[in-house]
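See structure below.
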Amino acid sequence: MHIHPLITDSESLKSLCDRLAQSDFVAVDTEFMRENSYWPELCLIQIGNREEAAAVDPKADGIDLTPLLDLMVDNEDVLKVFHAGGQDIEIVYNLTGKTPHPLFDTQIAAMALGLGEQVGYSNLVESLVGKTLDKGARFTDWARRPLDKRQIDYAIGDVTHLATLFPKMLERLRRTGRGDWLDEEMERLADPSNYENEADLAWKRVRISSRKADVLGRLKALAAWRENEAKAKNLPRGRIMKDETLADVASHPPAGQEGLARVRGLSPAWGGNDIGGRLMAALAAAKPLPADEMPGREERGPGLGKEGALVADLLKLLLKIRAREGNVAARLIAKSEELEMLAAGRREGLSILTGWRFDEFGRDALDLVEGRLAFAVKGGKLMMTRTEHSQ
């Protein structure tokens, strides 16, 4: 594989992208910093195929990333391959308003192949490619310039190994017949709604015990205010106000701005400064959360009761058995919340009751809940048996 020098000019980038646009797939990775900012700061983009790979410096003076971004979001003929690509996809979405498509995530594919619940990239490369990765530059300051050779070599190594890894995984998926399993997962990963940070929805990420409409209305207003403050200042949300402080103010709002000086987690200066004034204005404008926006009880988990909880435990045991038998990560098949909903009597809207999940697990799970399947111990081994009720 040919490794290009660090690309810092538009002409070289366009030439590379023109060639990569003829590939059936490209491996993609990014390096970024986000510890001190709201928006992730893109510091390096690595991309390659079977024949060539390069690192691209998005901070280089005058470089035009358009050909690369067009390849990511507008070229439907080239598959984009990531590993645990959620944050990489978020960066592309922030730059273009679109997500890479079509895409393939090797971490998700590894679950379908029974290689682990959330297998790390280095472990996957070592297992399937037989290479040990140098992790020495992993926590480097990618924003600092110039980048040294070790940093660039480390970064490019991620996509060169990914370009070797992907075909091996694809062949395994074809042999096992599980390629179709991943279509739904990849489409979900590519869904732009995953990467939208709408201020009016920010309250849903904040944990709060109250289910009172007035409290949740204040939470919604405060979370939207914080989101907009964080975006405007390009600071992490927690630098503006931590979640627990936000929930506390929504639950126990001060009578006036001076009361902010006594709120744990806020600087006393908020009792009289501009940001404190904007917070109080958001509180004053808050309205009780409308009935159609109130979180349903299912978001808190269904009311299982003692018997239902036991049924949910049996479903979790069944899931472990079926995952082990099928050599697939249990997490890919079902989440605990779905098992609890099934145990509580829900049948609609559960992914385990549709598609391949139903064939692999859902049918037996439904039979267990409805009394057509039971656990038994035969010869010292735990087995599933059909009951007389199922005849």
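Can you give me the ranges of the strands (runs of 3 or more DSSP E) entirely in segment 1-89 with at least 2 residues that are touching a Cys at 6+ places or on another chain (Cβ under 8 Å) and surrounded by 17 or more Cβ atoms within 10 Å (Cβ to Cβ)? Talk me through it step by step, then tell me what you get.
Values: elements: 25-33, 41-48, 52-56, 79-82.
The qualifying strands (runs of 3 or more DSSP E) are 25-33.
Can Leu103 be described as outside the structural domain of Arg324 (by TED's automatic domain parsing) and more than 17 Å from the chain's Cα centre (by Cα)?
Working: outside the structural domain of Arg324 (by TED's automatic domain parsing): yes; more than 17 Å from the chain's Cα centre (by Cα): no.
Spelling it out, it is not the case that Leu103 is outside the structural domain of Arg324 (by TED's automatic domain parsing) and more than 17 Å from the chain's Cα centre (by Cα).
Run down Leu173, Leu219, Leu182 and say which single residue is at pLDDT 95 or above and of a type in the set (A, V, I, L, M, F, W, C).
Selected residue: Leu219, the only one of Leu173, Leu219, Leu182 that is at pLDDT 95 or above and of a type in the set (A, V, I, L, M, F, W, C).
Assuming Ala190 fulfils every condition listed in (1) outside the structural domain of Leu103 (by TED's automatic domain parsing); (2) touching a Pro at 6+ places or on another chain (Cβ under 9 Å) apart from one, which condition is it?
(1)
Within segment 325-339, does at least one residue satisfy the condition of being more than 24 Å from Arg172 (Cα to Cα) and buried (at least 19 other Cβ atoms within 10 Å of the Cβ)?
Kept after step one, since they are more than 24 Å from Arg172 (Cα to Cα), are these residues of segment 325-339: 335-339.
Restricting the remaining residues to those that are buried (at least 19 other Cβ atoms within 10 Å of the Cβ) gives 338-339.
Yes; the residues of segment 325-339 include at least one that is more than 24 Å from Arg172 (Cα to Cα) and buried (at least 19 other Cβ atoms within 10 Å of the Cβ).
Identify, please: which residue in segment 174-210 is among the polar types (S, T, N, Q) and surrounded by 12 or more Cβ atoms within 10 Å (Cβ to Cβ) and is, among those, nearest to Ala224 (Cα to Cα)? Break it down stepwise before answering.
We begin by selecting, within segment 174-210, every residue among the polar types (S, T, N, Q); these are 176, 193-194, 197, 209-210.
Still in the running and surrounded by 12 or more Cβ atoms within 10 Å (Cβ to Cβ): 176, 194, 197, 210.
Numbers: Thr176: 46, Asn194: 17, Asn197: 10, Ser210: 18 Å.
Here the answer is Asn197.
Checking the structure you have, find out if any residue of segment 241-252 is over 22 Å from Arg207 (Cβ atoms) and either small (Gly, Ala, Ser) or modelled with pLDDT under 95 (or both). If you could, list the steps in order and put the result at the bottom.
Of segment 241-252, the ones over 22 Å from Arg207 (Cβ atoms) are none.
Scanning segment 241-252 turns up no residue that is over 22 Å from Arg207 (Cβ atoms) and either small (Gly, Ala, Ser) or modelled with pLDDT under 95 (or both).
Just to be sure, is Thr96 crowded, with 20+ Cβ neighbours inside 10 Å and either modelled with pLDDT under 90 or out of contact with any Ser or Thr (no Cβ under 6 Å at 6 or more places or on another chain) (or both)? Talk me through it step by step, then tell me what you get.
Values: crowded, with 20+ Cβ neighbours inside 10 Å: no; either modelled with pLDDT under 90 or out of contact with any Ser or Thr (no Cβ under 6 Å at 6 or more places or on another chain) (or both): yes.
Spelling it out, it is not the case that Thr96 is crowded, with 20+ Cβ neighbours inside 10 Å and either modelled with pLDDT under 90 or out of contact with any Ser or Thr (no Cβ under 6 Å at 6 or more places or on another chain) (or both).
Can you tell me which residues in segment 280-294 are farther than 16 Å from Leu246 by Cβ and outside any helix (DSSP H, G or I)?
Lys287, Pro288, Pro290, Met294
Please count how many residues of segment 142-159 are assigned to a helix (DSSP H, G or I) and buried (at least 19 other Cβ atoms within 10 Å of the Cβ).
Here is the first cut: in segment 142-159, the ones assigned to a helix (DSSP H, G or I) are 149-159.
With buried (at least 19 other Cβ atoms within 10 Å of the Cβ) added as a condition, the list becomes 151-152, 154-159.
Matching residues across segment 142-159 total 8.
Residue check, Ser122 against (1) at pLDDT below 95; (2) in a loop (DSSP other than H, G, I, E, B), all met but one. Which one?
(2)
Within 29 Å of the chain's Cα centre (by Cα) and under 19 Å from Tyr38 (Cβ atoms): is that true of Ala224 in this structure?
Values: within 29 Å of the chain's Cα centre (by Cα): yes; under 19 Å from Tyr38 (Cβ atoms): yes.
It is true that Ala224 is within 29 Å of the chain's Cα centre (by Cα) and under 19 Å from Tyr38 (Cβ atoms).
Please determine, by comparing only the residues of segment 248-295 that are in contact with a Lys or Arg (Cβ under 7 Å, 6 or more places away or on another chain) and among the small types (Gly, Ala, Ser), which one is farthest from Leu222 (Cα to Cα).
The qualifying residue farthest from Leu222 (Cα to Cα) is Gly265.
State yes or no: is Leu317 outside the structural domain of Ile208 (by TED's automatic domain parsing), surrounded by fewer than 19 Cβ atoms within 10 Å (Cβ to Cβ), closer than 23 Å to Gly116 by Cα and not polar (S, T, N, Q)?
Working: outside the structural domain of Ile208 (by TED's automatic domain parsing): yes; surrounded by fewer than 19 Cβ atoms within 10 Å (Cβ to Cβ): yes; closer than 23 Å to Gly116 by Cα: yes; not polar (S, T, N, Q): yes.
When the stated conditions are applied, Leu317 passes them.
Consider Pro5 against the criteria (1) in contact with a Pro (Cβ under 9 Å, 6 or more places away or on another chain); (2) under 16 Å from Gly157 (Cβ atoms); (3) without any contact (Cβ under 8 Å) to a residue 60 or more places away in the chain: it satisfies all of them except one. Which criterion is unmet?
(1)
The values are calculated or read from the model by the stated rules, or taken from the named source; none is laboratory data. Note that this is a predicted model, so its numbers are computed, not measured. Counting neighbours? That spans all protein chains shown, and the Cβs are built from the backbone with ideal geometry, glycine included.
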